[in-house]
1. Tally time: how many residues in region 36-77 are polar (S, T, N, Q), over 8 Å from the mean Cα position of the chain (by Cα), closer than 18 Å to W174 by Cβ and not in a loop (DSSP other than H, G, I, E, B)?
2. Counting just the residues of region 163-200 that are in contact (Cβ under 8 Å) with a residue 12 or more places away in the chain and among the acidic types (D, E), which one comes out nearest to L118 (Cα to Cα)?
3. So, in region 147-161, exactly how many residues are under 28 Å from N54 (Cα atoms) and in a helix (DSSP H, G or I)?
4. From the list L266, L253, L288, which one is at pLDDT 75 or above, touching a helix residue (DSSP H, G or I) at 6+ places or on another chain (Cβ under 9 Å) and under 19 Å from C169 (Cα atoms)?
5. Within the set of pairs 6+ apart or on separate chains, which have a first residue in region 265-289 that is free of Cβ contacts under 8 Å to residues at least 60 places away in the same chain and within 19 Å of Y35 (Cβ to Cβ), a second that is part of a helix (DSSP H, G or I) and aromatic (F, W, Y), and C-beta atoms under 8 Å apart?
6. For region 162-211: of the residues being under 22 Å from the mean Cα position of the chain (by Cα) and in a loop (DSSP other than H, G, I, E, B), which is farthest from G258 (Cα to Cα)?
7. Condition check: at negative phi and modelled with pLDDT of 90 or more. Does G221 satisfy that?
8. Quick check on T60: is it closer than 21 Å to D201 by Cβ, polar (S, T, N, Q) and at pLDDT below 95?
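The values are calculated or read from the model by the stated rules, or taken from the named source; none is laboratory data. Source: prediction; values computed, not measured. FYI the Cβ positions are ideal-geometry reconstructions off the backbone, even for glycines, and counts take in every protein chain you see.
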Amino acid sequence: MSGLAHVARRNAPLALALVGLGVLGLALGRWLNGYYLQIVVLIGINIILAASLNLINGITGQFSLGHAGFLAIGAYVSAATTLGTGLTSAAVLPLSLLTGALAAALAGLAVGIPTLRLRGDYLAITTLGFGEIIRVVILNTDAVGGARGLGGIPTLAGFGSVYACAALCLVMLWRLVYSQRGAAFFAIREDEVAAAAMGIDTTRYKILAFVIGAFWAGLAGGLLAHFIGYLHTNSFTFLRSVEIVVMVVLGGLGSLTGCALAAAILTILPELLRFGAEYRMVIYALLLIAIMLIRPSGLMGGREISWPSWSSTPVR
């Protein structure tokens with residue numbers, strides 16, 4: 001009983017936060033302008049994407065450029081699940097999200113196993129190729145819309161569901177990374193050979209990073225599909241993977257709170273620069289360069305924001 005009580009006490013703040021997000025989502029859906037609500041929801045989806053890629057790139061030190069592929073798999077599988085059931089109620093959303101996330105996790109396993117011997121640029125090229133293969137396969141598959149795109153997806157996701165998933169993602173990754181076992185991820189990033197010599201099963205942890213990262217990317221894809229209501233392969237190009245990588249680098253490699261902060265900034269920034277018309281992306285690029293010159297190690301560098309004390313905690 002004491003063990004159950006400990007688990008309940010530990011997870012009570014998270015449960016209360018999830019309930020609060022649900023209530024807040026209902027209020028925002030009624031009172032907030034649709035344009036601003038979309039930006040806020042997209043921030044939540046990008047936080048999940050950046051945090052999940054940070055586990056692979058920033059924490060484990062594996063340079064992946066295929067996150068858009070995992071996002072696409074989760075989005076299309078999740079949407080196909082919902083359309084296949086024929087249900088339009090929110091009750092089908094958890095099943096659809098889980099199906100898409102598991103499909104993406106299997107893809108992460110399929111990518112992780114054959115690329116174990118690759119590092120650096122070679123791994124980046126391989127994962128980039130994987131992402132493009134997924135996009136082209138979807139583009140030529142009429143069952144999921146092909147070049148027309150997949151429409152008619154029920155819009156079941158909103159602020160509450162997106163930020164509940166974002167909170168679960170950050171808490172799960174935080175507890176994993178800053179646990180005793182989580183130190184192995186940082187050890188692999190610093191020196192994989194030395195980590196293996198110390199008895200760490202580097203193969204297992206690298207595959208685990210890919211699978212967990214792909215799982216959350218797939219979940220983000222399912223949320224995107226059920227929020228936008230339409231999918232097209234143009235949303236899952238190489239540039240989409242680069243955008244997520246930029247969020248991770250800008251936030252600080254290995255910093256979960258940093259990548260969440262960067263995801264929010266990089267989602268809002270293009271909207272704030274709309275006054276620049278055709279020059280807004282030039283201004284956007286210049287601002288990114290300026291930020292990286294001022295903070296070359298990222299916004300948070302090698303630190304985290306510790307929620308209990310709101311003090312900076314160094315990353316391992």
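1. Taking region 36-77 and keeping what is polar (S, T, N, Q), we get 38, 46, 52, 54, 57, 60, 62, 64.
Restricting the remaining residues to those that are over 8 Å from the mean Cα position of the chain (by Cα) gives 38, 54, 57, 60, 62, 64.
From what's left, closer than 18 Å to W174 by Cβ: 54, 57, 60.
Next cut, not in a loop (DSSP other than H, G, I, E, B) only: 54, 57.
Residues meeting the conditions: 2.
2. E192
3. Residues in region 147-161 being under 28 Å from N54 (Cα atoms) and in a helix (DSSP H, G or I): 3 in total.
4. Details: L266 fails: under 19 Å from C169 (Cα atoms); L288 fails: under 19 Å from C169 (Cα atoms).
It is L253.
5. L269/Y284; P270/Y284; L273/Y284
6. Step one: of region 162-211, the residues under 22 Å from the mean Cα position of the chain (by Cα) are 162-179, 181-186, 188-189, 204-211.
Filter again for in a loop (DSSP other than H, G, I, E, B), leaving 178-179, 181-182.
Working: Y178: 15, S179: 19, R181: 22, G182: 18 Å.
Selected residue: R181.
7. Here the answer is yes, as G221 does meet what is asked.
8. Values: closer than 21 Å to D201 by Cβ: yes; polar (S, T, N, Q): yes; at pLDDT below 95: yes.
So T60 passes the test.
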